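Colleague: Got a structure here, written out as structure tokens. Questions coming.
The values are calculated or read from the model by the stated rules, or taken from the named source; none is laboratory data. Note that this is a predicted model, so its numbers are computed, not measured. So basically every Cβ, Gly included, is an ideal-geometry build from the backbone, and we count neighbours across all protein chains shown.
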Amino acid sequence: MKLKPTIQLPVVLSKEIVSRNTISGIAINYFNIVLCQGGEAHLSINLVPIVEVKGTVVVFFPGDVIKVDKTSDDFQLTSLMCSADVWHEASAQAKQQHLLYLQQHFCINHPVATSIVEKTFHLLDIIVKELPMSHIREITILQLKSLLSSYVLYLKNHPSDIKIKDSRSVNLFNSFKYHLGKHYHNNRDVQFYADKMHVTTKTLSTVVKKNTGKSAKMAIDEYTVMQLKLTLRNSEQSIKEVAWQYNFSSLPFFCEYFRRHTGMTPQQWRKG
């Protein structure tokens, strides 16, 4: 089963995540937990490059921007996908600091974390196969609540298992991601984001380069284009309306911007 931008069922257990969409990069509108079973994959989540090897757990949230750069021939995984509304209901009563902690530590490889996810997957697999569809949503939400609590409490109680990076660089990069996620619809200028963060463009460029390997401008454009892909694929807005929504000065300029970054026109992407 291929990964799709919209999950029709409350929960989907899948063995495949790599598709044309993720290889070319796209934002997602569902919640996803991926457990690597073997092989290796190189990808980026919200511009942050990561490597998945056996035992790695990666958590994706609705709105995340994903790009798969390459995978080995023997790459295998198990993926738990659920619709955004199921995730929001499951996390509604969670402590805000727990959700923030999970978003900051979305990728980890440790036997205990792996075991927690494996056992949840196993139980949900039984539920999906054996119980009527009418019960799956409620039980999935309960299991996600349990998984969230168990996983976050483990991470918080075992900080030595988490790779620590330079705190100033991480904090500045997290600030950049926050402002980019809030303003990508209307601004793609490096100076704008530097001003929002109260740093120079040189500092912003250094921080982004250190965390992503890309220039600040490249990161802004990549994030914007992947969000555009999701909007074009799932929205009923006209191409012109999408251009206005993203604050492009004209439709021709929007089409040229999209073609320059993807190799196709917005119309071609939407039809594909």
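Colleague: How many residues, within segment 213-231, are in contact with an Asp or Glu (Cβ under 8 Å, 6 or more places away or on another chain) and surrounded by fewer than 17 Cβ atoms within 10 Å (Cβ to Cβ)?
Modeller: Residues meeting the conditions: 0.
Colleague: What number of residues within segment 89-124 satisfy the criterion of being part of a loop (DSSP other than H, G, I, E, B) and modelled with pLDDT of 80 or more?
Modeller: Count: 4.
Colleague: Of a type in the set (Lys, Arg), at pLDDT below 85, loosely packed, with under 14 Cβ neighbours inside 10 Å and closer than 30 Å to Val199 by Cβ: which single residue out of Lys163, Lys129 fits that description?
Modeller: Only one candidate qualifies: Lys163.
Colleague: Let me ask you something else. I'm checking my understanding of the structure. Among residues of segment 232-269 that are in contact (Cβ under 8 Å) with a residue 40 or more places away in the chain and within 23 Å of the chain's Cα centre (by Cα), which one is surrounded by the fewest Cβ atoms within 10 Å (Cβ to Cβ)?
Modeller: Asn234
Okay, residues lined up against (1) surrounded by fewer than 17 Cβ atoms within 10 Å (Cβ to Cβ); (2) under 14 Å from the mean Cα position of the chain (by Cα); (3) farther than 23 Å from Ile139 by Cα:
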site	(1), (2), (3)
Ser72	yes, no, yes
Thr78	no, no, no
Asp85	yes, no, no
His88	yes, no, no
Ala92	yes, no, no
Lys95	yes, no, no
Leu102	no, yes, no
His105	no, yes, yes
